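**Student:** Here it is, the structure in full.
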Amino acid sequence: MQQNIPEVYSFFDEATNAACYILKDPETNACAVIDSILDFDQAAGRTHTTHADMLITKIIKNGWSLDWIIETHVHADHLSAAPYLAEKLGGKIAIGANIAAVQEVFGKIFNAGTEFEMDGSQFDRLFKDGDYFSIGNLDVAVMHTPGHTPACVTYVIGDVAFIGDTLFMPDFGTARADFPGGSATDLYNSIQRILSLPDETRLFLCHDYKTEGRDTFCWETTVAAQKANNIHVGGGKSEIDFVDFRSKRDAQLAMPKLIIPSIQVNMRAGQMPAKEADGNVYLKVPINRL
C-alpha cells in the first residue's frame, strides 16, 4: 500500500536559527514533534516556553494527539522542550541509540557525576539504524546518519525526510563535524545515504543562516536540489575533497553560543541537571575543554 503523504508544519526560531516541526498523519489525529525548542536567555539564566507553547496551541486547537517527541540529535545550539511538551500533552521522547556515545564524552566534559546514567535511559525510546515506528498510520524509517555527532539520525516518512544537522540549504552547504565524537568522513557517508533517497524527497533541515544575497530564511529543500547545487557536496564532490574542505573550515569556526547550556540539558533528554543542596539548578561552564 502506498505511504500516505504526511502533513508537515514548520516553526522557525530566528533567535537560534533553528527549525522544529509538527509531523501529522493525514488519516488520524496522531502527530509528532521533531526537534523542539525551549527558549533560553543565557545572560539571565532563564528559560521560557513561548516557542513550545506555539506547538501546544496548534496541537490542542486541532484536536491532535501527540504520540512522539523526537530528536534528530543532541543539539548544541538550542535547548530541547521535550519534557515540557510531554508534561502538557504526553508523548514518548526518543533519539538515536548512539546517544550513549555522546553522553559518555560530554558527561566527562561537564563532570556530570555518577548519578548521570550514560546509557540513554533518560529517553523513552532509542532508535537504531533500520528501525521503524508509527505515527498513526504513517510508517517512519530511521537512518543512522552520524558525522555531526555520533548519535545523529534521519527520519524518513514517505516523500519526507528530517535530516538534522547534515545538510543545510544548498547555498550554505553542510554541517560542521568537529565536535567531540564528530567525523567529517562519517558525515560525508551519511550525506551520501540521504542523497540516495528519491530525487523528489523533501528534506527538512534543523537550521538556516541565510547567505549573502538571500533575504529569507529557508528550511526545506529536495534531494535533487542538494545533489545539483550544494556548495560543499553537490556535483559529485569526492570524499577526500570534502573531508579536506570540512576539516579546514571547521578549524576556523567558533563554538555555538549556546553549546554549554544546550549539551548539558539535551544529553539529559531536555531535563535540567538535578537540584543542588540549596534547591536550585545550576549549569556548569567547563574551562578550556571545548
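The values are calculated or read from the model by the stated rules, or taken from the named source; none is laboratory data. This is a predicted model, so every value here is computed, not measured. Cβ placement follows ideal geometry from the backbone for every residue including glycine, while neighbour counts extend to all protein chains displayed.
**Student:** Please count how many residues of the range 34-73 are within 19 Å of LEU283 (Cβ to Cβ), charged (D, E, K, R) and loosely packed, with under 15 Cβ neighbours inside 10 Å.
**Tutor:** 2
**Student:** Sticking with this structure for a sec: Quick check on this structure: which one of GLY236, GLY279, GLY270 is modelled with pLDDT of 95 or more, part of a loop (DSSP other than H, G, I, E, B) and surrounded by fewer than 12 Cβ atoms within 10 Å (Cβ to Cβ)?
**Tutor:** On the way: GLY236 fails: modelled with pLDDT of 95 or more; GLY270 fails: surrounded by fewer than 12 Cβ atoms within 10 Å (Cβ to Cβ).
The conditions single out GLY279.
**Student:** Would you please list the contacts, defined by Cβ atoms under 9 Å and residues six or more apart or on different chains, that run from a residue in the range 39-50 that is in contact (Cβ under 8 Å) with a residue 24 or more places away in the chain to a residue that is among the hydroxyl-bearing types (Ser, Thr, Tyr) and part of a strand (DSSP E or B)?
**Tutor:** Taking only residues 6 or more apart or on different chains, the pairs are ASP39/THR47; PHE40/THR47.
**Student:** Restricting to the range 209-224, name every residue that is assigned to a helix (DSSP H, G or I) and surrounded by fewer than 16 Cβ atoms within 10 Å (Cβ to Cβ). Full working, then the answer.
**Tutor:** Applying the first criterion (assigned to a helix (DSSP H, G or I)) to the range 209-224 yields 223-224.
ALA224 - this is the single residue of the range 209-224 that is assigned to a helix (DSSP H, G or I) and surrounded by fewer than 16 Cβ atoms within 10 Å (Cβ to Cβ).
**Student:** Return yes when ILE191 is touching a Ser or Thr at 6+ places or on another chain (Cβ under 7 Å) and of a type in the set (Val, Ile, Thr) and no when it is not. Write out each step before concluding.
**Tutor:** Numbers: touching a Ser or Thr at 6+ places or on another chain (Cβ under 7 Å): yes; of a type in the set (Val, Ile, Thr): yes.
Against the criterion (touching a Ser or Thr at 6+ places or on another chain (Cβ under 7 Å) and of a type in the set (Val, Ile, Thr)), ILE191 qualifies.
**Student:** Tally up the residues in the range 240-258 that are under 22 Å from the mean Cα position of the chain (by Cα) and acidic (Asp, Glu), please.
**Tutor:** So the count comes out to 1.
**Student:** Let me ask something else about it. For the range 11-50, enumerate the residues that are farther than 22 Å from ARG125 by Cα and basic (Lys, Arg).
**Tutor:** Residue satisfying the conditions is ARG46 alone.
Results for (1) surrounded by fewer than 18 Cβ atoms within 10 Å (Cβ to Cβ); (2) under 12 Å from the mean Cα position of the chain (by Cα); (3) free of Cβ contacts under 8 Å to residues at least 12 places away in the same chain; (4) not in a loop (DSSP other than H, G, I, E, B), shown as yes or no for each residue.
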site	(1), (2), (3), (4)
HIS75	no, yes, no, no
ALA86	no, no, no, yes
LYS108	yes, no, yes, yes
ALA112	no, no, no, no
SER121	yes, no, yes, no
LEU126	no, no, no, yes
ASP129	yes, no, no, no
PRO150	no, no, no, no
THR154	no, yes, no, yes
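**Student:** Let me ask something else about it. Here are the criteria: (1) surrounded by 20 or more Cβ atoms within 10 Å (Cβ to Cβ); (2) β-branched (Val, Ile, Thr); (3) free of Cβ contacts under 8 Å to residues at least 60 places away in the same chain. Tell me which single one ILE163 does not satisfy.
**Tutor:** Only one criterion is unmet by ILE163, namely (3).
**Student:** Next up: Kindly establish whether ILE191 is within 19 Å of PRO180 (Cβ to Cβ), under 20 Å from the mean Cα position of the chain (by Cα), surrounded by 11 or more Cβ atoms within 10 Å (Cβ to Cβ) and among the β-branched types (Val, Ile, Thr).
**Tutor:** Numbers: within 19 Å of PRO180 (Cβ to Cβ): no; under 20 Å from the mean Cα position of the chain (by Cα): yes; surrounded by 11 or more Cβ atoms within 10 Å (Cβ to Cβ): yes; among the β-branched types (Val, Ile, Thr): yes.
For ILE191, the condition - within 19 Å of PRO180 (Cβ to Cβ), under 20 Å from the mean Cα position of the chain (by Cα), surrounded by 11 or more Cβ atoms within 10 Å (Cβ to Cβ) and among the β-branched types (Val, Ile, Thr) - is not met.
**Student:** Just need a number here: residues in the range 175-207 that are part of a loop (DSSP other than H, G, I, E, B), closer than 27 Å to LEU23 by Cα and of a type in the set (A, V, I, L, M).
**Tutor:** Residues of the range 175-207 that are part of a loop (DSSP other than H, G, I, E, B), as a first pass: 175-183, 196-201, 205-206.
Next, only the ones that are closer than 27 Å to LEU23 by Cα stay: 175-176, 196-201, 205-206.
Checking the rest, the ones that are also of a type in the set (A, V, I, L, M) come to 175, 197, 205.
Residues that pass the stated criteria total 3.
**Student:** Output yes when any residue across the range 131-143 is of a type in the set (Gly, Ala, Ser), modelled with pLDDT of 95 or more and not in a loop (DSSP other than H, G, I, E, B), and no when none is. It would help to see each step written out before you state the result.
**Tutor:** Applying the first criterion (of a type in the set (Gly, Ala, Ser)) to the range 131-143 yields 134, 136, 141.
Now narrow it down to the ones that are modelled with pLDDT of 95 or more: 134, 136, 141.
Cutting the leftovers down to not in a loop (DSSP other than H, G, I, E, B) gives us 134, 141.
Within the range 131-143, one or more residues are of a type in the set (Gly, Ala, Ser), modelled with pLDDT of 95 or more and not in a loop (DSSP other than H, G, I, E, B).
**Student:** So which pairs qualify, if the first residue must be in the range 269-290 and on the phi > 0 side of the Ramachandran plot, the second must be among the small types (Gly, Ala, Ser) and part of a loop (DSSP other than H, G, I, E, B), the Cβ gap must be under 7 Å, and the two must be at least 6 apart or on different chains?
**Tutor:** GLY270/SER80; GLY270/ALA81
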